[in-house]
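The values are calculated or read from the model by the stated rules, or taken from the named source; none is laboratory data. This structure is a prediction, so every number in the text was calculated from the model and none was measured. In this analysis, Cβ positions are derived from the backbone assuming ideal geometry, glycine residues included, and neighbour counts consider all displayed protein chains.
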Amino acid sequence: MSTMVVAQSPATAAPGAVLPGVRWALARDLRLALRSRAELAVQLLFYVIVVSLFPLATTPERTQLSAIGPGVLWVAALLASLLSLPRLFAADYADGTLEQIALSPYPLESLVVGKVLAHWLTTGLPIVLLAPILGLQYALDNELLVVLAAALLIGTPVLSLLGAIGAALTLGLRGGSSLLALLILPLYVPLLIFGAGAVEATRSGLGATAHLSLLGAAFLVALVGTPFAAAASVRIALD
Amino acid sequence: MAFAWSKFSSPASFYPLAGKMIPWFAWGAAILTAIGLWIGFGLAPTDFQQGEAYRIIFIHVPSAWMSMFVYLVMAFWSALYLGFNTRLSAMMAQALAPTGAVMTFIALWTGAFWGRPTWGTYWAWDARMTSELILLFLYFGVIALRAAIEDPRRADRACAVLALVGAINVPIIYYSVKWWNTLHQGASVSATEAPRMASIMLTGMLVMSLAAWFYAIAVVLARVRTIIVERERGAAWLHALPEVAQA
């Protein structure tokens, strides 16, 4: 089915068209993702369940919950992102679509950006929107919830961008998903620190500006650099 | 005539050269280690604050330096491989990863043994320890990725990309952990040594660092030779070697 979607347009594209490439890959991946809504729902439920486990494992006491809450929500966001990463390329790789995509006149980098954007819209954005509700369970007050959502809004695209490199490097490998965790989670560490730190800094009265700025810087660096690394990784996997 | 560097980018000509270099570096490492340990455990005085426990820095500090440096060297060879497509560069990167991981592990292990008597704990979430731990994960990632890919050429290129991405991330990780730590618990625990170090201690540490360098070079060259033998096993020059022809 996915090959049918591919067959429509890129053959007529002008070579080197970056934005049309992004738009085309975004539209295609969004359409495919919305056709399997159950899969998306399961990934969000995973996020909700992981977050709900921590109070059971620690304590229902409100002050302690609000202390660990931002970290728990961020760790769960990392895991949910990790769990959904294979969706970026694996299905297209398995049925040969990825090879056809790579052959299209659009720059592969632009197609990777489009795919990552679609991935973020279907996994990152729902996490951002859910986080304030889950944060209520952790007794976070309104100001902290806003900062938490803002940090996730800036940070989750970076998770998708960095994750694309790992997803492409592990295409078709034995034990791919656990290998992906080993490759990608260490690279996520700065985001986890700045993201959960933003909430912590707000609570302690320092203000979240510094942490959010650093997250923003990470986003810009990732936006410029990762498409090239991810596209190179896709080419390596297709070789 | 200019010295032809590119000549040694071919495994066939590098293999015998590495073989000639290994004994020099291996003996150098042995002799330097003997001198360094003699200075560290014999000549250097007992530290008036930390007692005898400080002596582990003669192993700890060189291995910590090497753990970071080896990653940079690995990233350098990876970049060279991606730029020039020289197989030997990828083999060098492959040979460096286990040595780097071992150095990182030694640094963490000796650090814990130093921390117990000095700080009263094996592990603290100190910035340097945490980033060293993450560095160990990065090494494991490169080694595991290599092990998971059967086609050596794809493994070379995938590991090169991963090593480069990791190298860009290492300073970011270090500073993020550092800021995180200062925000959380202040400087209650600091990995910095006593402010002024006796010069004999410094000498011992430098000699041991040199020994670590020599050891790493010898081991990596030996490993790269086995990688060459493994991966060039179809090549005619390899079967013409006396040690291969006999076996």
## Note on the structure
The number of residues in segment A:115-140 that are free of Cβ contacts under 8 Å to residues at least 24 places away in the same chain and under 20 Å from residue A:212 (Cβ atoms) is 2
### Query
For residues in segment A:167-199 being within 13 Å of residue A:71 (Cβ to Cβ) and at the interface with another protein chain (Cβ under 7 Å from one of its Cβ atoms), which is nearest to the chain's Cα centre (by Cα)?
A:189
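Within segment A:201-221, can you find the residues that are aliphatic (A, V, I, L, M), assigned to a helix (DSSP H, G or I), more than 10 Å from chain B (Cβ to nearest Cβ) and surrounded by 14 or more Cβ atoms within 10 Å (Cβ to Cβ)? Please lay out each step first, then the result.
Going through segment A:201-221, the residues aliphatic (A, V, I, L, M) turn out to be A:201, A:206, A:208, A:210, A:212, A:214-215, A:217-218, A:220-221.
Retained after the next criterion (residues that are assigned to a helix (DSSP H, G or I)): A:201, A:210, A:212, A:214-215, A:217-218, A:220-221.
Narrowing further to those that are more than 10 Å from chain B (Cβ to nearest Cβ): A:212, A:215, A:220.
Matches in segment A:201-221: A:212, A:215.
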### Message
Within segment B:123-181, take every residue that is part of a loop (DSSP other than H, G, I, E, B) and within 9 Å of chain A (Cβ to nearest Cβ) and give me the one that is surrounded by the most Cβ atoms within 10 Å (Cβ to Cβ).
### Response
B:149
#### Entry: Options A:62, A:87; residue that is of a type in the set (Lys, Arg), modelled with pLDDT under 90 and surrounded by 18 or more Cβ atoms within 10 Å (Cβ to Cβ)
A:87
### Query
Where residues in segment A:180-207 are of a type in the set (A, V, I, L, M, F, W, C) and over 21 Å from residue A:124 (Cα atoms), which of them is modelled with the lowest pLDDT?
A:206
### Query
Does residue B:105 satisfy the condition of being modelled with pLDDT of 90 or more, within 9 Å of chain A (Cβ to nearest Cβ) and surrounded by fewer than 23 Cβ atoms within 10 Å (Cβ to Cβ)?
no
### Task
Check residue B:49 against each of (1) among the polar types (S, T, N, Q); (2) free of Cβ contacts under 8 Å to residues at least 40 places away in the same chain; (3) not in a helix (DSSP H, G or I) and name the one condition it does not meet.
(2)
### Query
Does residue A:195 count as closer than 28 Å to residue A:90 by Cβ, out of contact with any His (no Cβ under 7 Å at 6 or more places or on another chain), part of a helix (DSSP H, G or I) and free of Cβ contacts under 8 Å to residues at least 60 places away in the same chain?
no
### Task
For residue A:177, indicate whether it is at pLDDT below 95, within 23 Å of residue A:116 (Cα to Cα), touching a helix residue (DSSP H, G or I) at 6+ places or on another chain (Cβ under 7 Å) and assigned to a helix (DSSP H, G or I).
yes
